[in-house]
Amino acid sequence: MSKLIEIVKEAGKILKYGYYHSKRIDFKSEIDLVTEYDVKIENFLKEKISKKYRDFEIVAEESFKARSIPQKAIFIDPIDGTTNFVHSIVYVCISIGIWEGGEPKEGIVYNPVLDELFWARKGEGAYLNGKKIKVNKADNLTSSLIATGFPYTKIKMGKDYRWVVKTFSELLPKTRDIRRLGSAAIDLCYTACGRFSGFYEIDLKPWDVAAGILMVTEAGGKVTNHLGEEYKFGDIVVASNGKIHDELIKNMCKY
Ligand code: IPD
Ligand code: CA
Ligand code: CA
């Protein structure tokens, strides 16, 4: 693992440089941005990681072509929080999740701006900068700070958008408050280390969650879909400290 951390830290230097300098921005859609650094970091990681994990296939956001998920997969999000990256908001990270047979085995989420490195391995716990982390103990929504995110599809004001708004209006009055930081990987890590008591979001991609959900479960939390069933890629993700999970699910609207 230390070699992988070394690689991610190197990639983090590229991210941090880009964060403090001007950058070229392209548009995947009207509101979905991609910068030269997303591509640069992804290429760097793919080259370094493919040498270390020869029998794994890399599934990386900027080069992903629709296909089934390989048995042995390494999910890479070169910058999770690209909109933050463009607007100089500190919630940006590199997220790498290693999966085998449909299960997460290892995960790293690194925010080089705040110098916070989250790491987890199946059965070995989750860590922030080398210190073991645990979910918090909040046992009701009123004492819970919850995180969420909004899908890029919101501009179409379709089914996803309606679910987001309805669920938000159900939940918000019952919680201490709800945050939208702009990086799903960081939201999951903050749930793992107890800053948030829970997180939910619709429409996330495997590279957004592949590392973060292992962080939550290894820190003693729970991850399911919005019906409380086992989470599968493509589902609405609901992550929590476990104690508030049922109450959180109860307030999720039908999709
Ligand atoms: C996005 C972030 C954001 C979430 C979006 C994601 P990106 O990833 O995780 O918090 O709300 O749905 O797509 O585009 O910055 O890699
Ligand atoms: Ca992402
Ligand atoms: Ca990204």
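General remarks:
- Only one entry of Lys122, Lys51 meets the criterion of being basic (Lys, Arg), over 23 Å from Cys193 (Cα atoms) and more than 16 Å from the chain's Cα centre (by Cα), and that entry is Lys51.
- Members of the stretch 34-52 found to be within 16 Å of ligand 1 (Cβ to nearest atom) and of a type in the set (A, V, I, L, M, F, W, C), listed by number: Val34, Val39, Ile41, Leu45
- Qualifying residue in the stretch 149-161 (condition: polar (S, T, N, Q) and either surrounded by fewer than 19 Cβ atoms within 10 Å (Cβ to Cβ) or under 22 Å from Gly81 (Cβ atoms) (or both)): yes
- Scanning the stretch 196-220 for residues that are within 14 Å of ligand 3 (Cβ to nearest atom) and in a loop (DSSP other than H, G, I, E, B) yields Asp203, Leu204, Lys205, Ala210, Ala211.
- Subset of the stretch 32-69 (residues that are among the hydrophobic types (A, V, I, L, M, F, W, C) and closer than 17 Å to Val92 by Cβ): Leu33, Val34, Val39, Ile41, Phe44, Leu45, Ala60
- Residues in the stretch 53-103 that are within 13 Å of ligand 1 (Cβ to nearest atom), part of a loop (DSSP other than H, G, I, E, B) and among the β-branched types (Val, Ile, Thr): Ile89, Val92.
- Cross-chain or 6+ apart pairs with Cβ under 7 Å, the stretch 4-17 first and of a type in the set (D, E, K, R) and surrounded by 15 or more Cβ atoms within 10 Å (Cβ to Cβ), then at pLDDT 95 or above and not in a helix (DSSP H, G or I): Lys9/Tyr110; Lys16/Pro112; Lys16/Val113
- Inside the stretch 221-255, residues that are assigned to a loop (DSSP other than H, G, I, E, B) and under 17 Å from Val109 (Cβ atoms) make up a count of 1.
- Subset of the stretch 201-248 (residues that are in contact (Cβ under 8 Å) with a residue 60 or more places away in the chain and over 14 Å from the mean Cα position of the chain (by Cα)): Glu218, Ala219, Gly220, Gly221, Asn241, Gly242, Lys243, Ile244, Glu247, Leu248
- Complete set of residues in the stretch 154-200 that are touching a residue at least 40 places away in the same chain (Cβ under 8 Å), more than 11 Å from ligand 1 (Cβ to nearest atom) and among the β-branched types (Val, Ile, Thr): Ile155, Thr167, Thr191
- Matching option when the condition is in contact with a Cys (Cβ under 7 Å, 6 or more places away or on another chain), within 16 Å of ligand 2 (Cβ to nearest atom), closer than 13 Å to Ser95 by Cβ and not basic (Lys, Arg), among Ile186, Ile213: Ile186
Okay, residues lined up against (1) modelled with pLDDT of 95 or more; (2) away from ligand 3 (no atom under 13 Å from the Cβ); (3) crowded, with 16+ Cβ neighbours inside 10 Å:
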| position | (1), (2), (3) |
| --- | --- |
| Leu33 | no, no, yes |
| Val59 | yes, no, yes |
| Lys65 | no, yes, no |
| Ser68 | no, yes, no |
| Asp80 | yes, no, yes |
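- Residues of the stretch 179-195 include at least one that is assigned to a loop (DSSP other than H, G, I, E, B) and in contact with a Lys or Arg (Cβ under 7 Å, 6 or more places away or on another chain).
- Members of the stretch 124-153 that are free of Cβ contacts under 8 Å to residues at least 60 places away in the same chain and either part of a loop (DSSP other than H, G, I, E, B) or charged (D, E, K, R) (or both): Asn129, Gly130, Lys131, Lys132, Gly149, Phe150, Pro151
- Of all the residues in the stretch 97-127, those that are aromatic (Phe, Trp, Tyr) and more than 28 Å from Tyr17 (Cα to Cα) number 1.
The values are calculated or read from the model by the stated rules, or taken from the named source; none is laboratory data. What you see is a predicted model, and the numbers here were worked out from it, not measured in a lab. FYI the Cβ positions are ideal-geometry reconstructions off the backbone, even for glycines, and counts take in every protein chain you see.
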